[in-house]
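I have placed the structure first, in the form of structure tokens, so that the comments after it can refer back to it.
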Amino acid sequence: MMKLGEILIDRKLITPLQLKTAVEEQQRTGELLGRILVRLGYLKEEHLLEIISEQLNIPFVDLQNIVVEPEAVEKVPAKFAWHYKIMPIKYEEGKLTVATFDPLRSLNDMKMFLGYDIIPVLATGEKIVQAIEKYYGVGAETIERIVAQAPREEAEAEPAEKIEDIEKMAEAASVVKLVNQIILDAHKKRATDIHIEPFRGKLRLRYRIDGLLYEANVPSDVMRLFPAIISRIKIMSKLNIVERRLPQDGRAVVKAGGEEFDLRISIIPSRYGESLVIRILPAKMLFSMEKLGLDPEDSDILETLIKKPNGIIFVTGPTGSGKTTTLYACLNRIKSTKNKVITLEDPIEYELDGITQIQVMPEIGFTFAQGLKSVLRHDPDIMMVGEVRDHETAELAIRIALTGHLIFSTIHTNDASSGVTRLLDIGIEPFLVASSVKAFVAQRLVRLICPNCKEEDNTISKEMRDKIRQEISQYLPEYSNDSSLHFYRGRGCKECNFTGFKGRTAIYEILVVNRAIRELIIAKASAGQIREVALKEGMKTLRLAGWKKVMEGLTTPDEVMRVTQIEE
């Protein structure tokens with residue numbers, strides 16, 4: 001039988017020099033040659049296992065395409081699976097099929113400790129770890145160890161009222177490790193929020209990824225550790241660990257992969273215990289207008305607007321539509337050593353270099369309106385007001401804009417034209433709106449198709465094709481015939497957590513307040529009338545901006561319909 005090194009060279013998977021280096025490393029460490037070649041980056045683990053599969057006559061499988069039987073998972077404790085990096089797949093008549101990447105090392109141990117006949121199959125270490133996390137749940141090994149260390153009655157008991165007892169429980173290394181595992185798992189999956197919710201007899205863990213919530217698998221025993229998890233997170237964020245009746249908000253800073261993150265923690269009391277949400281924010285983020293998702297025409301319009309010396313630009317949309325990111329990108333573009341930029345925010349989400357950021361605190365009387373009065377004496381050129389919520393804030397912002405300042409703010413409306421009527425509804429005089437507001441920019445976030453598993457989608461119905469063709473015919477004539485309508489979707493892969501989507505981009509609707517729109521505002525026209533005239537003046541709707549992303553192969557029709565449903 002040919003030696004492993006000879007086979008690898010014969011198949012041109014490694015070079016003789018690489019083999020020589022690996023053999024020298026083997027003589028020094030005693031490690032298996034194949035593992036050394038993989039560790040040094042000379043050889044892919046898949047190629048190594050394919051050859052071992054041929055030599056040992058052990059099947060090589062892709063765990064992503066294997067059905068794992070729950071009975072098999074129950075036969076192997078989580079700590080054993082993690083220690084040996086094995087994944088049980090099937091159990092039948094005393095025989096346990098197990099996926100491993102190192103059968104020579106672990107077969108005897110598995111048979112001795114588990115007491116079953118072992119049928120090995122080969123799988124990559126990465127796929128095995130992913131499978132363990134999926135079927136055993138986040139932090140399964142840690143939870144198993146904690147539960148094993150304490151008597152069941154003690155583990156199930158409610159936390160003691162004494163502060164020191166709770167702190168001792170929360171600061172145990174195992175609980176610290178479990179909380180870290182949850183945060184790291186969320187970060188690896190690109191989550192922006194972690195939701196931990198207690199219900200009768202169970203705990204639900206969910207991650208918000210690209211705007212939607214996905215449930216994460218957790219072992220059932222995690223409910224017994226829930227008080228310790230909450231206490232640990234409260235200690236991290238310097239909250240009151242004995243207060244369980246009132247809502248609490250806090251923050252913490254953590255590091256993962258050499259990158260710092262701000263954690264914003266919100267805890268509220270619920271029927272079966274405290275419900276917890278952790279928002280994960282990069283401590284520093286690069287805000288660029290080029291990355292907002294604007295098409296060239298809209299980009300030119302926005303560039304012109306933000307360079308005006310005075311007036312107000314309102315960004316509108318629901319919570320979570322990316323308004324803050326757009327505002328930060330605009331401020332980042334126009335800041336310079338020659339102007340003074342001040343923001344009033346609630347809360348300050350990201351740190352902006354060279355910009356004075358102020359946190360409003362309504363609970364002590366420091367509101368947006370009070371902040372505007374104070375900031376005006378600080379000689380600003382450009383200001384950002386986190387949100388216009390009431391008449392006083394809106395009127396102050398408008399009057400400040402009329403005195404020669406450029407102001408950015410947000411307002412909660414479904415589309416750009418509704419921003420006008422919202423200001424009128426809260427009591428602002430029409431002539432003030434018409435003379436101060438330069439534009440209303442509505443936006444939504446759509447998920448991007450994962451580039452790794454993108455494929456053409458031929459399942460789009462004729463009704464949907466006709467609808468899209470009809471809506472884009474006037475504005476995007478190049479896509480108006482059926483042969484030019486191509487749709488795509490994500491098949492689902494490990495890169496996108498099998499969702500078919502990876503990342504998000506924004507779609508925009510920019511209503512520029514020109515002479516025609518000003519006349520309608522003064523006449524107190526309805527949002528529908530303003531919208532109709534704006535469309536004649538060349539405004540592109542959110543829906544149309546979404547269809548353009550679909551035509552460019554960036555997102556799906558269903559995704560555009562989901563975020564622009566209100567237009568119906």
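So the values come out like this:
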{"item": "Strands (runs of 3 or more DSSP E) lying entirely in region 353-443 (those with 3 or more residues that are among the polar types (S, T, N, Q), free of Cβ contacts under 8 Å to residues at least 24 places away in the same chain and under 20 Å from N514 (Cα atoms))", "result": "none"}
{"item": "Residue within region 324-343 that is assigned to a strand (DSSP E or B), under 23 Å from G371 (Cβ atoms) and either within 22 Å of the chain's Cα centre (by Cα) or small (G, A, S) (or both) present", "result": "no"}
{"item": "Test for Y475: is it touching a residue at least 40 places away in the same chain (Cβ under 8 Å) and assigned to a strand (DSSP E or B)", "result": "no"}
{"item": "Test result for R504, of a type in the set (K, R), modelled with pLDDT of 90 or more and closer than 23 Å to L445 by Cα", "result": "yes"}
{"item": "Test: residue in region 225-240 that is more than 30 Å from P77 (Cβ to Cβ) and touching a Leu at 6+ places or on another chain (Cβ under 6 Å)", "result": "no"}
{"item": "Test result for G5, part of a loop (DSSP other than H, G, I, E, B) and without any contact (Cβ under 8 Å) to a residue 60 or more places away in the chain", "result": "no"}
{"item": "From the options L184, L178, residue that is within 20 Å of S231 (Cα to Cα), of a type in the set (A, V, I, L, M), open to solvent by 70 Å² or more (accessible area, probe 1.4 Å) and modelled with pLDDT of 80 or more", "result": "L184"}
{"item": "Hits in region 507-541 - residues which are more than 15 Å from V441 (Cβ to Cβ) and either buried (at least 16 other Cβ atoms within 10 Å of the Cβ) or hydroxyl-bearing (S, T, Y) (or both)", "result": "R518, L520, I521, A525, S526, A527, V533, L535"}
{"item": "In region 94-118, the residues that are of a type in the set (G, A, S) and without any contact (Cβ under 8 Å) to a residue 24 or more places away in the chain", "result": "G94, S106, G115"}
{"item": "Failed item, numbered, when F431 is tested on (1) within 30 Å of G211 (Cβ to Cβ); (2) at pLDDT 90 or above; (3) of a type in the set (F, W, Y); (4) touching a helix residue (DSSP H, G or I) at 6+ places or on another chain (Cβ under 8 Å)", "result": "(1)"}
{"item": "Residue within region 381-393 that is of a type outside the set (K, R) and surrounded by fewer than 16 Cβ atoms within 10 Å (Cβ to Cβ) present", "result": "yes"}
{"item": "Subset of region 261-276 (residues that are among the acidic types (D, E) and within 17 Å of P347 (Cβ to Cβ))", "result": "D262"}
{"item": "Residue satisfying all of: in region 282-307; in contact with a Phe, Trp or Tyr (Cβ under 7 Å, 6 or more places away or on another chain) and modelled with pLDDT under 85; most open to solvent (accessible area, probe 1.4 Å) among these", "result": "M285"}
{"item": "Selection status of V242, of a type in the set (A, V, I, L, M) and in contact with a strand residue (DSSP E or B) (Cβ under 7 Å, 6 or more places away or on another chain)", "result": "no"}
{"item": "Filter result for T459 (outside any helix (DSSP H, G or I) and loosely packed, with under 14 Cβ neighbours inside 10 Å)", "result": "yes"}
{"item": "All helices (runs of 4 or more DSSP H) inside region 485-559 with 3 or more residues being in contact with a Ser or Thr (Cβ under 7 Å, 6 or more places away or on another chain)", "result": "527-536, 542-551"}
{"item": "Odd one out for R279, checked against (1) in contact (Cβ under 8 Å) with a residue 24 or more places away in the chain; (2) open to solvent by 60 Å² or more (accessible area, probe 1.4 Å); (3) out of contact with any Ser or Thr (no Cβ under 7 Å at 6 or more places or on another chain); (4) not aromatic (F, W, Y)", "result": "(3)"}
{"item": "Leading residue by the ranking (surrounded by the most Cβ atoms within 10 Å (Cβ to Cβ)) among those in region 50-68 that are modelled with pLDDT of 85 or more and of a type in the set (V, I, T)", "result": "V61"}
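Per-residue answers, yes or no, for (1) out of contact with any helix residue (DSSP H, G or I) (no Cβ under 9 Å at 6 or more places or on another chain); (2) within 20 Å of G34 (Cα to Cα); (3) not aromatic (F, W, Y):
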| residue | (1), (2), (3) |
| --- | --- |
| D62 | no, yes, yes |
| K75 | no, no, yes |
| A78 | no, no, yes |
| M87 | no, no, yes |
| G94 | yes, no, yes |
| M112 | yes, no, yes |
| I119 | yes, no, yes |
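Matching residues to (1) closer than 30 Å to L402 by Cα; (2) of a type outside the set (V, I, T); (3) in contact with a Pro (Cβ under 9 Å, 6 or more places away or on another chain):
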| residue | (1), (2), (3) |
| --- | --- |
| S231 | no, yes, yes |
| A252 | no, yes, no |
| G273 | no, yes, yes |
| F287 | yes, yes, no |
| E290 | yes, yes, no |
| K307 | yes, yes, no |
| T316 | yes, no, no |
| T319 | yes, no, no |
| C330 | yes, yes, no |
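The values are calculated or read from the model by the stated rules, or taken from the named source; none is laboratory data. Keep in mind that this is a model prediction, so the values were computed, not measured. Note that each Cβ is placed from the backbone with ideal geometry, even for glycine, and that neighbours are counted across all protein chains shown. To get the accessible areas, we keep the full protein, side chains included, count just its heavy atoms, and leave off ligands, DNA and RNA. Shrake-Rupley method; radii C 1.70, N 1.55, O 1.52, S 1.80 Å.
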